[in-house]
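Heads up, the thing below is written out as structure tokens.
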Amino acid sequence: MEERLQKLLSSAGICSRRKAEEYISAGYVKVNNITAKLGDKADPEKDRVTVDGRPLQVQSETVWIMLHKPRGYVTTLSDEKGRRTAAQLVEDCGFRVWPVGRLDMDSEGLLIFTNDGDGTHGLLHPSHQVEKEYEVTVRGDIEQAISVLCGSLELDGQRLAPAKVRIIRKERSGGLLSVVIHEGKNRQVRRMCAIAGLEVKRLKRVREGMLLLGDLPAGKWRRLSKAEIDSLFV
């Protein structure tokens, strides 16, 4: 069945439909060796579609996966430095998937993977600010730091939405905090804690929206249910 090229590229996990339009306009997409234009359609069962010379392989099923990323893994599909990647932990899922968002190498916890290009674009768009909850083991004066963390902070020249912070466990040298944020700036929670005078010893993402990491073991993944997927877009 013929479908617009934007949808075919998105279904194949190449990019979002909006990005596909840019690829088509730039002349990277061909149908039966003819450079495509916006509005063109193709039947992947009959037509040969290529993107930058590579044949398009349409995936028939959309999949969403939750991984418990351990510390020591980078959130990339490959790494030029030869470091272990989170993608290697989901290679046995049977689909070509990529991470939605990121966790830095020293952080752990909930990390979503999918082959849904449009869904990825929707979740990462600045207008879609889902709550992200982290359990953060810190060293320093947590009582004093909370007022700073919940106050008006600025990163990269942009004002952050106020964080929600509560003490889970207090210790002599620091404690365990629950930190809930909406944005997803690079190393945001670590940088916020540094501003508040706290040293982060361990950082674990335990929730995105209504999706909970739960008791999923480190290094393991599972597929999300339809209800869980739908909850991400509320």
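Computed quantities for the displayed model
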read-out	value
Neighbour-limited loop hits for trypsin sites (Lys or Arg not before Pro), the stretch 78-158 (at most 10 other Cβ within 10 Å; DSSP other than H, G, I, E, B)	81
Length gained when the stretch residue 18-residue 155 is fully extended (0.36 nm per residue, less Cα-Cα span)	46.5 nm
Under DSSP loop assignment and at most 16 Cβ neighbours within 10 Å, longest GluC sites (Glu not before Pro)-free interval of the chain	184-234
Pairs of Cα atoms farther than 22 Å apart, the stretch 99-185, %	37
Cα pair distances exceeding 16 angstrom across the stretch 83-127, given as percent	42
Rounded to the nearest 20 debye, dipole of the chain from Cβ charges on Lys, Arg, Asp, Glu	580
Residue-averaged [θ]222 nm for the chain, counting only DSSP H segments that reach four residues, each worth -39500 (n - 2.57)	-5500 deg cm²/dmol
3J(HN,Hα) from dihedral phi, the stretch 126-137, Karplus parametrisation 6.51/-1.76/1.60, rounded to Hz, x for glycine, proline	x, 6, 9, 10, 7, 5, 10, 10, 10, 9, 10, 8
Simple label model, 7 Å out from Cα along Cβ direction - residue 169 to residue 125, nm	4.1
Additional length obtainable on full extension of the chain from residue 45 to residue 231, 0.36 nm per residue less Cα span	63.6 nm
Cα lying deepest toward the dipole's positive end in the chain, options 50, 152, 113, charges on Cβ	152
Relative contact order of the chain, pairs being alpha-carbon contacts under 8 Å that are 6 or more residues apart, as %	20
Global geometry of the stretch 60-104, whether rounded, prolate or oblate, following the gyration tensor of its Cα atoms and the 1.5 cut on a/c	prolate
Shape category assigned to the stretch 3-79 from the gyration tensor of Cα positions, a/c cut at 1.5	prolate
The stretch 56-141 shape via C-alpha gyration tensor axes, a/c threshold 1.5	oblate
Stretchable slack from residue 104 to residue 91, in nm (0.36 nm times residue separation minus alpha-carbon distance)	2.7 nm
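Computed from the coordinates by the stated procedures, all read-outs in this text should not be read as laboratory data. Keep in mind that this is a model prediction, so the values were computed, not measured. FYI the Cβ positions are ideal-geometry reconstructions off the backbone, even for glycines, and counts take in every protein chain you see.
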